[in-house]
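The values are calculated or read from the model by the stated rules, or taken from the named source; none is laboratory data. Owing to the predicted nature of the structure, the values given are computational and were not obtained by experimental measurement. Cβ: placed from backbone, ideal geometry, glycine included. Neighbour counts: every protein chain shown.
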Amino acid sequence: MLTINTSAISSESFDNEIVAIHFLKGTYFSLRGASMAMWSWLQQGADETTLAKLLATRYQLDPKQSMEAVSKAIDLLRAAELVIESDQALPDFGAYDLSAGPDDYQEAVIESFEDLQELIAIDPVHEVDPMQGWPHRPPTMTLD
Amino acid sequence: MDIDLAALEARYDAFIQLHLDDAEARSQRLAPPQHYRLGPLRLSLQVEGDALAQRLGMAIRHAADSATASDQALTVVAIDGSAAGRLPPAWKLPTYDRRHLERLHVSSDGQRLLHHNPDTTNWTILDRQRRLALTWTASADRLPDWEDSFPLRTILHWMSTPTTAALAHAAVVETGERGLLLTGRGGSGKSTTTVAAILSGMRTCGDDFIMVDQGESEATAYCLYDTIKLDDNALARFPELATLVANPERTSDQKARIHLSDHSPASLIRQTVLRGIVVPMVTQDATPSITPLDPAVALRALAPTTLFLLRGDEAPLSAKLVQLVKRLPTWQLRLSQDPLASAAFLRDWCEQSL
């Protein structure tokens with residue numbers, strides 16, 4: 001199942017846009033159109049198949065068109081680390097809000113902004129010895 | 001291998017307690033604290049090292065409070081390691097959380113925070129329950145020039161988290177008790193507009209970081225720092241200000257800093273009620289204009305730049321900024337090429353329309 005990466009993301013929904021901020025990476029996003037509905041469902045937890053079914057139901061889309069829209073959006077959201085995998089169980093289909101997103105179908109738009117990334121001074125993620133801390137690497141393990 | 005997270009966190013707690021105990025003991029031998037009133041926060045600051053005291057105190061002189069310490073005040077002990085003969089240690093704490101890669105630690109109950117800057121070997125530590133904070137740097141000389149513009153901002157940010165107040169990376173201009181919050185990313189014209197607004201008779205709560213308290217029926221902006229910062233292009237538009245710059249020896253990547261307490265104290269106000277949020281935009285328009293702006297766009301102008309400059313407690317800070325853009329009207333100010341004309345337009349619009 002996929003869910004919002006809430007430990008690193010703050011987001012807020014407005015009438016025509018969702019603003020999401022990844023405060024660890026220094027990136028932020030404007031989600032519009034059908035991606036607003038997808039975001040709402042991802043907040044409850046959903047997999048790609050469920051999202052496609054929800055999108056098709058919400059906007060009376062062809063299943064193939066719906067799956068393509070979801071796959072494209074999820075690829076972007078995953079790459080941006082806005083969503084992460086979760087081992088939680090999927091909610092019942094009836095628990096999702098089928099009024100989420102714009103009333104009429106609009107193509108999912110996920111606009112990213114990276115102009116402020118320089119403000120984040122973070123080291124490249126690397127392995128660190130859990131007891132000695134940065135910058136000590138853990139002991140190298142070899143297979144004889 | 002199972003990792004004992006409780007044991008790892010205990011190492012952080014022990015480190016924090018050791019150094020806060022030490023700071024508390026050292027504070028007994030220092031000169032009496034200087035008290036400050038920064039919005040709803042009260043600070044009692046004791047500094048070891050004259051150079052550090054100068055650098056931390058310059059931008060907050062306007063907030064000095066002659067009253068004695070309040071029970072609610074946060075005690076901040078600041079140590080210049082070179083002056084104290086006690087250099088801060090390097091980071092040798094365990095890394096078991098992604099935030100530790102940023103040298104940021106927040107205790108699991110949220111009460112103790114720690115941040116380390118390896119460039120300056122600076123430690124910032126806060127224990128909210130003890131109302132005690134430490135900022136410990138290797139040498140005041142090693143602090144970057146821009147630190148003089150917004151000293152202690154991390155501690156102020158952390159202290160504001162449990163309150164209804166929050167820091168915001170924004171300017172505030174005011175006329176006739178009507179305050180406007182100006183926000184936007186670098187190059188949006190925020191600081192230039194603030195300077196031009198002052199020259200046009202408006203007043204300000206600061207142009208970089210301000211504090212907003214939404215605990216009352218209205219949103220109130222408070223002045224934290226008395227500084228105006230301009231890059232060389234912006235400074236060239238106001239040649240009369242060149243002699244007022246506090247850091248004439250700055251390098252090309254640093255902004256000129258002007259302390260309003262020194263040169264225009266009447267233009268610096270402690271607080272004002274906010275009537276709206278304005279996002280300036282540099283244009284080639286012949287005349288300035290102002291139009292309503294979608295609050296989502298205003299949030300994109302305000303929240304990312306604030307969150308990325310303040311580490312830790314991002315979720316509650318973000319929630320307060322969302323609350324602000326949803327409660328106040330939001331506008332876009334299209335600046336003309338003449339900053340004084342734009343500022344005069346903003347002043348007149350503020351007086352006549354709000």
>> I want to confirm something. Restricting to segment B:102-152 and keeping residues that are of a type in the set (Asp, Glu) and within 19 Å of the chain's Cα centre (by Cα), which single residue is surrounded by the fewest Cβ atoms within 10 Å (Cβ to Cβ)?
In response: B:Asp145
> Right, B:Ala14: over 23 Å from B:Asp145 (Cα atoms), among the aliphatic types (A, V, I, L, M) and surrounded by fewer than 20 Cβ atoms within 10 Å (Cβ to Cβ) or not?
Replying inline: yes
> Does B:Ile258 meet the test of being of a type outside the set (Asp, Glu), assigned by TED's automatic domain parsing to the domain that holds B:Glu174, touching a residue at least 12 places away in the same chain (Cβ under 8 Å) and over 23 Å from B:Gln332 (Cα atoms)?
Replying inline: yes
> Looking at B:Thr287, B:Thr305, which one is facing chain A (nearest Cβ under 8 Å) and touching a residue at least 40 places away in the same chain (Cβ under 8 Å)?
Replying inline: B:Thr305
> In segment B:1-42, which residue that is within 14 Å of chain A (Cβ to nearest Cβ) and in contact (Cβ under 8 Å) with a residue 12 or more places away in the chain is farthest from B:Ser107 (Cα to Cα)?
Replying inline: B:Ile3
> Can B:Val195 be described as surrounded by 24 or more Cβ atoms within 10 Å (Cβ to Cβ), touching a helix residue (DSSP H, G or I) at 6+ places or on another chain (Cβ under 6 Å) and over 27 Å from A:Thr27 (Cβ atoms)?
Replying inline: no
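Return yes when B:Thr75 is more than 14 Å from chain A (Cβ to nearest Cβ), of a type in the set (S, T, N, Q) and touching a residue at least 40 places away in the same chain (Cβ under 8 Å) and no when it is not. Before you say what the answer is, go through the steps one by one.
Details: more than 14 Å from chain A (Cβ to nearest Cβ): yes; of a type in the set (S, T, N, Q): yes; touching a residue at least 40 places away in the same chain (Cβ under 8 Å): yes.
Here the answer is yes, as B:Thr75 does meet what is asked.
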